[in-house]
Amino acid sequence: MRTIKALKADVLFQLKQGFYIVYIVLILIYMLIISQLPSDASKIAIPLIIFGDPSIVGFFFIGGIVMLEKIQGVLQYIVVTPLRIREYLLSKIISLSILGEIAGIIIGATTYRESINWLLLMVGILISSVFFTLLGFLTVTRSDSVNEYFIDMIPYMFIGILPCFSLIDFPYNWLFNIFPSVLGLRLIFGAFYGISAANVSFFIISGIITNILLFNYTENVFENRIVYGGESK
Amino acid sequence: MIRVSEMDFTYEKSKKKAIKGINFNIEKGEIFGFLGPSGAGKTTTQRILIGLLRGYQGSVEIMGKERRMLSKDFFENIGVAFDFPNLYQKLTAIENLKLIGSYYKNNCLNIDELLERVGLLGDKDKKVEGFSKGMKMRLNFIRSIMHDPEILFFDEPTSGLDPINAKIVKDMIVELKERGKTVFLTTHNMTVAEQLCDRVAFIVDGGIPVIDRPDNLKLKYGKHTVKVKYVENNVLKKEEFPMDSISHNSNFFQILKSKNIKTIHSQEATLEDIFIKLTGRELL
Ligand SMILES: Nc1ncnc2c1ncn2[C@@H]1O[C@H](COP(=O)(O)OP(=O)(O)OP(=O)(O)O)[C@@H](O)[C@H]1O
Ligand SMILES: [Mg+2]
């Protein structure tokens, strides 16, 4: 299958470009921070870090990866191969989600002393990781340089992060449960502190639907800007 | 293989037409050259045929189907070498080929053989970032043919290559044609066009004033003369005679008999001269 082939290409590319080294350093830094916290604080910090890590990876790594592919011109070549845009997007999402899962499991297993619902943790990471990677894609299709990326990123960053404050109780805060970042965060907290089965199923379904819609939108934007980019430049 | 009729194209953010109602056909097994100065519309036409620009007017038929109706499977049978080598810099030559090659259904041609042919076999495990421009262009070239496609698009295939490597690439293009592949290439370089192309189209300002075989063009528009240089009273003199009436040109024979001849050359117009004559434009 072409998506698997593309995944192989992505892993090799990320490895050779040094993304995995950066990632290992990042995980070590998280673990160092957690080990310095008093145990009360770390109980809150661990789920937050496990949530925050794939979002940062999704956002910045995808930006770096696609930017490098643009600069090297590889992206220009990929669009004249049989690889579909959706396969291209999917393989990148899978590669970064796997990173997020591995990091989440390592951080959870090495720092948290009580029990964790691992399956729930992994689902939570997946939902938020896919969401942030898609936001990262939307940003990078706009920008032609790293500097532009950091500016174009701001609105998408808000879309991803701001709704997460709805975890603090206030009227109608459930309205924010359409954001996969909120859902991912709730599921991850659920993996640590418990969560009702009804909520789990609702959050997962809601997260999947939003992510699929966003995926289709991203595919469209990507096709218009990258494949047929020459039309409007 | 390719039929283009009354094709018009205007870039979205521009008011004037980049392509103005052009017509041409390319047959299977033909090398077709697009020649023209910078900004004439070569890349634009090529990008429309490849399918990277939408919204053209008129008709573009490839392998019997309208371009805009073709799916992504079309690319299984297409090979493209852009004029800029777009390769994974941190990956080796062989990784570059294998990763991209894995996206095609066709089994790839023997990659080592291709690398050997363009003199890169010894460098196959080196990272592309350390390659010279010419090495990158050669890798770029074989990447476009490794999945054995039916139609090939080459944008300036010999630019950045030294004469020896340019010759290798030109030979390989001719071999593709001999194997029945259809080649569409663009170039500024008239010598390349003359050596390779079965037919050439001159493109200027988005229009095609001339399409013909290079030898026909030379026959039709080239001046065909004989230039004689001889020494008389210690001075080098030269004289030119039209080829078609040479057999009964008494002046010519007189010189041959009585003068101290230094050189005799037949003169042919180059494709470049004909281009300038027909379009009023310089190439480049
Ligand atoms: N993205 C674009 N947006 C608007 N106009 C464009 C764009 N690309 C090219 N053009 C214009 O279209 C015309 C044809 O350009 P094209 O790139 O096809 O020329 P070319 O023959 O390939 O030239 P070169 O030999 O320099 O590669 C030019 O007038 C150019 O300015
Ligand atoms: Mg061009």
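The values are calculated or read from the model by the stated rules, or taken from the named source; none is laboratory data. This one's a predicted model, so the numbers in the text were calculated from it and none came from an experiment. Here Cβ is always computed from backbone atoms with ideal geometry, including for glycine, and neighbour counts include all displayed protein chains.
Condition check: within 12 Å of another protein chain (Cβ to nearest Cβ), away from ligand 1 (no atom under 15 Å from the Cβ), surrounded by fewer than 18 Cβ atoms within 10 Å (Cβ to Cβ) and in a loop (DSSP other than H, G, I, E, B). Does residue B:86 satisfy that? Spell out the reasoning first.
Values: within 12 Å of another protein chain (Cβ to nearest Cβ): yes; away from ligand 1 (no atom under 15 Å from the Cβ): yes; surrounded by fewer than 18 Cβ atoms within 10 Å (Cβ to Cβ): no; in a loop (DSSP other than H, G, I, E, B): yes.
Criteria not met by residue B:86.
Which count do you get for residues in the stretch B:103-143 that are within 16 Å of ligand 2 (Cβ to nearest atom) and in contact with a Phe, Trp or Tyr (Cβ under 8 Å, 6 or more places away or on another chain)? Talk me through it step by step, then tell me what you get.
We begin by selecting, within the stretch B:103-143, every residue within 16 Å of ligand 2 (Cβ to nearest atom); these are B:137, B:140.
Still in the list and also in contact with a Phe, Trp or Tyr (Cβ under 8 Å, 6 or more places away or on another chain): B:140.
Adding up the residues that qualify gives 1.
If residue B:48 satisfies every condition in (1) within 7 Å of chain A (Cβ to nearest Cβ); (2) within 15 Å of ligand 1 (Cβ to nearest atom); (3) of a type in the set (A, V, I, L, M, F, W, C) but one, which is the exception?
Failing condition for residue B:48: (1).
Let me spell it out: the conditions are (1) surrounded by 15 or more Cβ atoms within 10 Å (Cβ to Cβ); (2) away from chain A (no Cβ under 14 Å); (3) touching a strand residue (DSSP E or B) at 6+ places or on another chain (Cβ under 6 Å), and residue B:222 meets all of them except one. Which number is the exception?
Going through the list (1) surrounded by 15 or more Cβ atoms within 10 Å (Cβ to Cβ); (2) away from chain A (no Cβ under 14 Å); (3) touching a strand residue (DSSP E or B) at 6+ places or on another chain (Cβ under 6 Å), residue B:222 breaks only (3).
Can you name the condition, by its number, that residue B:94 falls short on among (1) in a strand (DSSP E or B); (2) in contact with a Lys or Arg (Cβ under 6 Å, 6 or more places away or on another chain)?
(1)
Based on what the data block shows, is residue B:201 more than 14 Å from every other protein chain (Cβ to nearest Cβ), within 16 Å of ligand 2 (Cβ to nearest atom) and of a type in the set (Gly, Ala, Ser)? Give the steps one after another, and end with the answer.
Values: more than 14 Å from every other protein chain (Cβ to nearest Cβ): yes; within 16 Å of ligand 2 (Cβ to nearest atom): yes; of a type in the set (Gly, Ala, Ser): yes.
Answer is yes for this residue.
Would you please name the residue that is modelled with the lowest pLDDT, looking only at residues in the stretch A:1-54 that are surrounded by fewer than 13 Cβ atoms within 10 Å (Cβ to Cβ) and in a loop (DSSP other than H, G, I, E, B)?
Once the filter is applied, the top-ranked residue is A:1.
A quick yes/no check of all residues on (1) away from ligand 1 (no atom under 16 Å from the Cβ); (2) surrounded by 16 or more Cβ atoms within 10 Å (Cβ to Cβ); (3) at pLDDT below 95; (4) closer than 25 Å to residue A:115 by Cα:
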{"position": "A:196", "(1), (2), (3), (4)": "yes, no, yes, yes"}
{"position": "A:200", "(1), (2), (3), (4)": "yes, yes, yes, yes"}
{"position": "A:223", "(1), (2), (3), (4)": "yes, yes, yes, no"}
{"position": "A:226", "(1), (2), (3), (4)": "no, yes, yes, no"}
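Could you look through the stretch B:1-18, keep only residues that are in a loop (DSSP other than H, G, I, E, B) and among the aliphatic types (A, V, I, L, M), and pick out the one that is farthest from ligand 1 (Cβ to nearest atom)? Walk me through how you get there before you give the answer.
To start, the set of residues in the stretch B:1-18 that are in a loop (DSSP other than H, G, I, E, B) comprises B:1, B:10-18.
Checking which are among the aliphatic types (A, V, I, L, M) leaves us with B:1, B:18.
Details: B:1: 22, B:18: 4 Å.
Filtering first and then ranking leaves B:1.
Out of everything in the stretch B:158-190 that is within 16 Å of ligand 1 (Cβ to nearest atom) and within 12 Å of residue B:33 (Cα to Cα), what residue ends up being nearest to the other protein chains (Cβ to nearest Cβ)? So that I can check it myself, show each step before the final result.
Taking the stretch B:158-190 as the starting set, the residues that turn out to be within 16 Å of ligand 1 (Cβ to nearest atom) are B:158-160, B:184-190.
In the following step, the residues that additionally are within 12 Å of residue B:33 (Cα to Cα) were identified as B:184-190.
On the way: B:184: 13, B:185: 16, B:186: 15, B:187: 19, B:188: 20, B:189: 22, B:190: 27 Å.
Among those that are within 16 Å of ligand 1 (Cβ to nearest atom) and within 12 Å of residue B:33 (Cα to Cα), it is B:184.
Please pick out the residue among B:275, B:253 that is aromatic (Phe, Trp, Tyr) and under 21 Å from the mean Cα position of the chain (by Cα). Even if it seems obvious, please write down each step before you answer.
Values: B:253 fails: under 21 Å from the mean Cα position of the chain (by Cα).
Of B:275, B:253, the one residue that is aromatic (Phe, Trp, Tyr) and under 21 Å from the mean Cα position of the chain (by Cα) is B:275.
Of the residues A:15, A:37, which is more than 14 Å from every other protein chain (Cβ to nearest Cβ) and either among the small types (Gly, Ala, Ser) or more than 15 Å from the chain's Cα centre (by Cα) (or both)? Lay out the reasoning, then the answer.
On the way: A:15 fails: more than 14 Å from every other protein chain (Cβ to nearest Cβ).
Only one candidate passes the filter, namely A:37.
Please tell me if residue B:100 is β-branched (Val, Ile, Thr), at the interface with another protein chain (Cβ under 9 Å from one of its Cβ atoms) and closer than 30 Å to residue B:203 by Cα.
no
Looking at the stretch A:53-83, which of the residues that are within 14 Å of chain B (Cβ to nearest Cβ) and within 18 Å of the chain's Cα centre (by Cα) is farthest from residue B:136 (Cα to Cα)?
Filtering the stretch A:53-83 down to residues within 14 Å of chain B (Cβ to nearest Cβ) leaves A:64-83.
If we keep only those that are within 18 Å of the chain's Cα centre (by Cα) as well, we get A:64-67.
Values: A:64: 23, A:65: 21, A:66: 21, A:67: 20 Å.
Restricting to residues being within 14 Å of chain B (Cβ to nearest Cβ) and within 18 Å of the chain's Cα centre (by Cα), the top hit is A:64.
Can you find, within the stretch B:62-78, the residue that is surrounded by the fewest Cβ atoms within 10 Å (Cβ to Cβ) among those that are in contact (Cβ under 8 Å) with a residue 40 or more places away in the chain and within 14 Å of chain A (Cβ to nearest Cβ)? Steps first, answer last, please.
Quick first cut of the stretch B:62-78, residues in contact (Cβ under 8 Å) with a residue 40 or more places away in the chain only: B:62-63, B:76-78.
From what's left, within 14 Å of chain A (Cβ to nearest Cβ): B:62, B:76-78.
Numbers: B:62: 23, B:76: 15, B:77: 19, B:78: 22.
Only one residue tops the list, namely B:76.
Restricting to the stretch B:181-211, give me the number of residues that are farther than 28 Å from residue B:8 by Cβ and modelled with pLDDT of 95 or more. Give the derivation first.
Residues of the stretch B:181-211 farther than 28 Å from residue B:8 by Cβ: B:181, B:191-192, B:194-196.
Within this subset, residues satisfying the condition of being modelled with pLDDT of 95 or more are B:181.
Selection size over the stretch B:181-211: 1.
Give me a count of the residues in the stretch B:15-55 that are more than 16 Å from ligand 2 (Cβ to nearest atom) and surrounded by fewer than 20 Cβ atoms within 10 Å (Cβ to Cβ).
14
Tell me yes or no: at least one residue of the stretch B:103-121 is within 14 Å of chain A (Cβ to nearest Cβ), touching a residue at least 12 places away in the same chain (Cβ under 8 Å) and part of a helix (DSSP H, G or I).
No, every residue in the stretch B:103-121 fails to be within 14 Å of chain A (Cβ to nearest Cβ), touching a residue at least 12 places away in the same chain (Cβ under 8 Å) and part of a helix (DSSP H, G or I).
I'd like the full set of residues that are in contact (Cβ under 8 Å) with a residue 12 or more places away in the chain and in a helix (DSSP H, G or I), limited to the stretch B:19-48.
B:42, B:43, B:44, B:45, B:46, B:48
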